[in-house]
Amino acid sequence: MAHQAHSYHMVDPSPWPIFGAAAALLTTSGLIMWFHYSSTTLLTMGLLSMLLVMLQWWRDVIRESTFQGHHTPTVQKGLRYGMILFITSEAFFFLGFFWAFFHSSLAPTPELGGQWPPTGVKPLNPLEVPLLNTAILLASGVTVTWAHHSITEGNRKQAIHALTLTILLGFYFTALQAMEYHEASFSIADSVYGSTFFVATGFHGLHVIIGSSFLTVCLLRLIKFHFTPNHHFGFEAAAWYWHFVDIIWLFLYMSMYWWGS
Amino acid sequence: MWRNLLVRGPSLRQVSQRTISTASRRLLENRVPEKQKLFQEDNGLPVYLKGGIMDGLLYRVTMGLTVFGTGYVLYELMMASMPKKQK
């Protein structure tokens, strides 16, 4: 069997990149078919194929690392760069929505009654459920750090408890936020206030769900002994992403919920 | 600590180990070495098919969905780009 004279990972040929691109095509075309022709077939196919590609691609990364040992320190360094760059790109994504919010709220137009919140809009009380949600996410940041320390110390039981608690806190946040959405007296159609509020908090909520899913996969891998005290980058990546989601919430809370009320 | 000194019965640790049946104990064992052996087997299979029959099945389902879907997109695009016949 040939051996490589370098520490990088030359991956096996894989169909997932091109299938992933096709899934993106189906999803975007599916959105067009839904918006303009009221048909959800393509969109469903797109989302389903996206899910299948993600499951199999990341399953293969786990196989290549935990089972085949291809993730040398060099490879891990590249993955760290990659995750940081991805999170940075997400930060810019949210920056756009914050820009839109401040553009509309710093100089409210006459159509809004020249004030922010606009005339007739009754904003959510920032000291009620939103404050609780802030506490929940901050606490989950503590528990995920606890889980990390437990992993590096080789304490399996504590790591499982801490990570489970983190995920439960994430679900609690999502449930409370869903309830808030239902109970709010304004909708996304209520002027630019509704647009900026629900698009920004909505995308944040989606990222909480993505982060919770990532952490859940890590929990399953933790239970299955995939992580070692020295090598557990999948968990670290999930924890970074989770902290990012927490920070975005803090900015949302301070600007839209508190200042904007 | 005192309980271990005073009581002669099974310790808490022994009781918790005893109550797990053999079948579920298998789930709590480290099976990574088995997986490592499976995925390091020199059988020429690429990683996305190396896990067994389910891999091939899942691959074919994904391919079917994306290939058929791409064809469908092109069909719908063609239909959408042709003007509707008006009297």
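If a paramagnetic tag sat 7 Å from the Cα of A:V75 along the Cα-Cβ line, which residues of segment A:216-250 would have the backbone N under 19 Å from that point?
Hits in segment A:216-250 for A:V75 at 19 Å: A:218, A:221-222, A:225-238.
Using a Förster distance of 30 angstrom, determine the FRET efficiency expected from the C-beta separation of B:L45 and A:L206, and round it to 0.05.
Working from the Cβ atoms, E equals 0.25.
For chain A, set up a Gaussian network in which alpha carbons nearer than 10 Å are linked by springs, and say which option among A:F225, A:F92, A:F19 fluctuates the most.
A:F19
Which of rounded, prolate or oblate describes the protein assembly as shown when judged by the alpha-carbon gyration tensor and an a/c cut-off of 1.5?
Note, shape of the protein assembly as shown comes out oblate.
What is the gain in length, in nm to one decimal, between A:Q115 and A:F233 on full extension, counting 0.36 nm per residue of separation less the C-alpha to C-alpha distance?
37.7 nm
Which of the aspartates and glutamates could be linked to A:K157 by a straight reach, that is with a Cα gap under 17 Å, when you skip same-chain ones fewer than 8 residues away?
Here the aspartates and glutamates satisfying the reach criterion relative to A:K157 are B:E29.
Using 0.36 nm per residue, how much length does the chain from A:L131 to A:L176 gain when fully extended, once their Cα-Cα distance is taken away?
Working: separation 45, 0.36 × 45 = 16.20 nm, distance 1.11 nm.
Residue separation times 0.36 nm, minus the Cα-Cα distance, leaves 15.1 nm.
Given the options A:T66, A:T44, A:T228, which has the most mean-square fluctuation in a GNM of chain A, springs set between C-alpha atoms less than 10 angstrom apart?
Most flexible of the set in this elastic network: A:T44.
Take the Cα atoms of segment A:1-70, build their convex hull, and give its volume per residue in Å³.
Output value, Cα hull per residue: 84 Å³.
Kindly give the semi-axes, whole Å and largest first, of the ellipsoid equivalent to segment A:1-135, taking each as the square root of 5 times a Cα gyration tensor eigenvalue.
Over the Cα atoms of segment A:1-135, the ellipsoid semi-axes are 43, 24, 14 Å.
Segment A:128-206 to segment A:20-35: how many Å between their Cα centroids?
Cα centroid to Cα centroid, the span is 29 Å.
I need the peptides A:36-43, B:61-68 ranked by packing, meaning the mean over residues of other C-beta atoms within 10 angstrom, with the highest value on top.
The most tightly packed comes first, giving B:61-68, A:36-43.
Each value in this text was obtained by applying a stated rule to the coordinates, not by laboratory testing. Because the structure is predicted, anything quoted here is derived from the model rather than measured. Note that we place each Cβ from the backbone using ideal geometry, even for glycine, and neighbour counts take in every protein chain shown.
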